[in-house]
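Working notes, structure below.
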Amino acid sequence: MSTETENTGEALDSSQSQLRRLIGADAIKSMPFWLLPAFLVGLFIYGAVLWNFVISLTDLQGFGTPSFSQLDFDMYGRAFSDPQFLFAGQNTIVLLVVFTIVCLVLGLGLAILLDQDIRRRGHLRTIYLLPFSLAFIVTGQVWLWMYNYNYGVVNTFTRALGLGQYQIIGNSQIILGAIITALAWQFVGYTMVVYLAGLRTIPDDQFEAARVAGVKDYRIYWKVIIPQLKASAASAGVILMVFALKTFDFLFAMFGQYRPQKGADILATMMVREAFQKLEWAYGASIAVILFLMALGIISPYIYYQYKVNEI
Amino acid sequence: MSNSAEGPDRERRSYLKAIAAASVFGTGALAGCSGDGGSGSDGGSDGSSGDGSSDGSDGGGSGSTDQSSPTYNSTALEVLHPWTGGGGQNAINAVIEGFHEEYPDIETDIRGVGATANVQLNQMVNQRLANQDPPAAFNAWPGAHLTQFMQSSRQLLGDITESVWQHDDMEGAFVDEAKELSRFDGRYVTVPIGSHRLNNLFFNLDVIESAGVTPEDVESPGDLIPLMEEVEANTDAVGMAQSMVNANTQLQLWAAIHLGMHGYQSYMDLINGEGDLQSVTESVEMTSRYAEFFNEDASTVSPPSANQKIMNGEAGFYHQGNWMAGGYNANDLTYGEDWGWIAFPGTSNMYTLHMDAFVYPNNNPAPEKAIRWHRYVGSKEAQVNFNKHKGSIPLRTDVSMEEFGPFLTETMEDFRNIEYRPPTLAHGLAVAPTTLVNLREVFSSNFMGPYEVEATAQGIIDTI
């Protein structure tokens, strides 16, 4: 018994050390490929994130220098007792959820419609993708015009339909909805392309088989096709949510200030205001950390999912 | 790394070398980063080492010996300003051109950082100063706006009392308000380049005549209301044009109304933190009555677009700074025929003071060049060239107004003879930047429709 264990132990030892050498060699051999990128990413992304976190623990403000003697979570306490922070945080979450759902649903609809077109004749994809290629500075300004009370195309439509005219940007109740609509307009095309890529991987055979069996088209999509698009939806969803957290550019393009109209303040604009206008660096940094955690909260389930299905 | 000996192929070794070089560079960058944020005490040495690395050689020195000028260092003169379009751009270009003629051997790097109300420029300057990487000169509002720099534990702004203000007796030529707003604890840190008047009420003369009203008779903000009613009753125009795409214009209008209703002293008490809730409530209330006459699309139009409504005859009155006159000139509208203006009701004995200035940061990357820049900015030539394009007025008392046209000449005369010159609130002269941001928040949250008078008034009092 004992000799046997010794033997296997020895065998394990030698095979382990061989393995270790192999891994070591591989890691070394591939070093040129990973070391530089890893270093740069480490420095400029994780280094900056870490530095930002450290700043958020200080009470740095103005043009002073941070003192690291007393690190605490005061700024986070301040954030959660600041009504403006809670309001902006709530807006951020509403924007995130509604915008993502709208884009995923509309994108899917468009993708299915276009998919039929592609399977049968030409392609129209580019038209739908066009808004995505526009800069926020352009779309922000264009939507501001479209929402104009007197001349805006939105009010032209509502007037034509006999619904009357509406204050859209000037109404704090619906401004967030208006911004979500504008953002969705820009991102639905992108979502659609992600879905289309997924749809293209589904072979025509499945359609033909279902049709031979006499199944109606919508039932084919509902029962066979859409369930296969889960991965596309997940990856599009993650990207959309991360974009939603960064709506800052869009709002700045619209309003020309870091303080958007009443009802449309989000954490990103608040963070810039606190840090760069009021010079409350530590408070701004703590808002940034909270935003980062929100982004992380979105990404990590996705990464875990990918890990579980052996994609990474 | 230690394993590298076991596979001595050349390719890999050269890779390693490259990586080693890169990591040395990276470590240097890291050290630079932590130096920036970490230690403030060695700010001076940081600044100067930045010069050396950014330019490399000091060959520029040979250029500087040509003239009587002292030893310039090799760093180009970097100036940041907010004028990226329209009259402002022509104005700064005229100054740059003149500066090049005056100092042909100074290499410049003059950059416009544009956006409404200096939002982006101020942010960039804050960032650069916080990182101890100041430009040679930057544009800002003088007065309270600069207190954020003066109150810092680090010396952020340089003293140009001797080098600029006492050179050629510049100090004697400037008006007192300009000097007061440029000086902190007896030392000058900035040179104003021009001033706009802010308490203007513009109107379209066609609209006014069709409505049958005479704005010249209006004596208080309340008196304007019947006139706006007449405009709306007798023409297609709205009573008052307004831009509410952000809250600053609302803040500005309220400040004008407060001055008009309660006078100079009440306003000065207010900005000094001794405001009276009752009087503020009254002026906020009055502002909300004005709002009934705004164009309905106010929340989506910018200040120039709101001005367009005056030009098109879609609105009767418009309160803005006198920079809006540039728009009328650009559209060939004649002063006195197509458009006119009065001082905002109740403020005919005041000139609400707006000012732009160039600031001299401490640890200046190009100190001698920056001194030349500030001297030039304060010169007669620069003040005339800048202001005639910008539609503002020079702050020197010894310049001739020949080139300025009737509107600006009138403004200049008012400026010289008027009783009070209250500093503007919405454009940074009256309160510190943090207070200004908070005031805008008060208006954003409570006064962009629906108009909550009590909350706004209380917010104003609490903020200042």
Requested in this report: Scan the stretch B:354-373 for residues that are at pLDDT below 90 and assigned to a loop (DSSP other than H, G, I, E, B) and jot them down.
Outcome: B:Asn362, B:Asn363, B:Asn364, B:Pro365, B:Ala366
Query - helices (runs of 4 or more DSSP H) wholly inside the stretch A:31-109 that include at least 2 residues being away from chain B (no Cβ under 14 Å) and modelled with pLDDT under 90 - result: A:74-80
**Report entry** Residue, modelled with the highest pLDDT, within the stretch A:260-312, restricted to residues that are over 30 Å from A:Ser232 (Cβ atoms) and of a type in the set (S, T, N, Q)
**Finding:** A:Ser286
Requested in this report: Given the conditions (1) small (Gly, Ala, Ser); (2) at positive phi; (3) within 14 Å of another protein chain (Cβ to nearest Cβ), report the number of the one that B:Ser302 does not fulfil.
Outcome: (2)
Report task. Please go through the stretch B:448-464 and pick out each residue that is over 16 Å from B:Leu270 (Cβ atoms) and either touching a Cys at 6+ places or on another chain (Cβ under 6 Å) or in a loop (DSSP other than H, G, I, E, B) (or both). Result -> B:Met448, B:Gly449, B:Pro450, B:Tyr451, B:Glu452
Query raised in the report: Can you tell me which of A:Val193, A:Val215 is in contact with a Lys or Arg (Cβ under 7 Å, 6 or more places away or on another chain) and more than 14 Å from chain B (Cβ to nearest Cβ)?
Result: A:Val193
Requested in this report: Output the number of the condition that B:Gly87 fails; it satisfies all remaining conditions of (1) touching a His at 6+ places or on another chain (Cβ under 8 Å); (2) at pLDDT 85 or above.
Outcome: (2)
Query - Among the residues listed as B:Leu277, B:Leu224, B:Leu205, the single one being touching a helix residue (DSSP H, G or I) at 6+ places or on another chain (Cβ under 7 Å), away from every other protein chain (no Cβ under 14 Å) and aliphatic (A, V, I, L, M) - result: B:Leu277
Query raised in the report: Being away from chain A (no Cβ under 14 Å), more than 15 Å from the chain's Cα centre (by Cα), surrounded by fewer than 22 Cβ atoms within 10 Å (Cβ to Cβ) and over 16 Å from B:Asp269 (Cα atoms), is that true of even one residue in the stretch B:432-444?
Result: no
Query raised in the report: Which residue, of B:Val79, B:Val125, B:Val95, is at negative phi, β-branched (Val, Ile, Thr) and part of a strand (DSSP E or B)?
Result: B:Val79
Query raised in the report: Being in contact (Cβ under 8 Å) with a residue 60 or more places away in the chain and of a type outside the set (A, V, I, L, M, F, W, C), is that true of even one residue in the stretch A:147-154?
Result: no
Requested in this report: Give the stretch B:202-249 a look and list any residue that's farther than 25 Å from B:Asn349 by Cβ and part of a helix (DSSP H, G or I), or say none.
Outcome: B:Asp206, B:Val207, B:Glu209, B:Ser210, B:Ala211, B:Glu229, B:Glu230, B:Val231, B:Glu232, B:Ala233, B:Asn234, B:Asn248
Requested in this report: Determine whether B:Ser444 is at negative phi, in contact with a His (Cβ under 6 Å, 6 or more places away or on another chain) and in contact (Cβ under 8 Å) with a residue 24 or more places away in the chain.
Outcome: no
Query raised in the report: Where in the stretch B:258-353 are the helices (runs of 4 or more DSSP H), entirely inside, with at least 3 residues that are at pLDDT below 90?
Result: B:303-311, B:325-330
Query raised in the report: Any residue in the stretch A:145-164 that is within 12 Å of chain B (Cβ to nearest Cβ) and under 23 Å from the mean Cα position of the chain (by Cα)?
Result: no
Requested in this report: Confirm whether B:Asp332 is among the acidic types (Asp, Glu), out of contact with any Pro (no Cβ under 6 Å at 6 or more places or on another chain) and more than 14 Å from chain A (Cβ to nearest Cβ).
Outcome: yes
Query raised in the report: Name the pairs: first residue in the stretch A:218-234 and within 15 Å of A:Leu104 (Cα to Cα), second residue basic (Lys, Arg), Cβ to Cβ under 8 Å, at least 6 apart or on different chains?
Result: none
Query raised in the report: Mind checking which residues of the stretch B:159-192 are within 23 Å of B:Gln148 (Cα to Cα) and buried (at least 20 other Cβ atoms within 10 Å of the Cβ)?
Result: B:Ile160, B:Val164, B:Trp165, B:Glu177, B:Ala178, B:Leu181, B:Ser182, B:Tyr188, B:Val189, B:Thr190, B:Val191, B:Pro192
Report summary line: Screening B:Ala291, B:Ala315 for residues that are within 24 Å of A:Ile174 (Cα to Cα) and within 14 Å of chain A (Cβ to nearest Cβ) leaves only B:Ala291
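The values are calculated or read from the model by the stated rules, or taken from the named source; none is laboratory data. A quick note: this is a predicted structure, and the numbers were derived from the prediction, not measured. Reconstructed Cβ throughout: ideal geometry from the backbone, glycine too, with neighbour counts over all protein chains shown.
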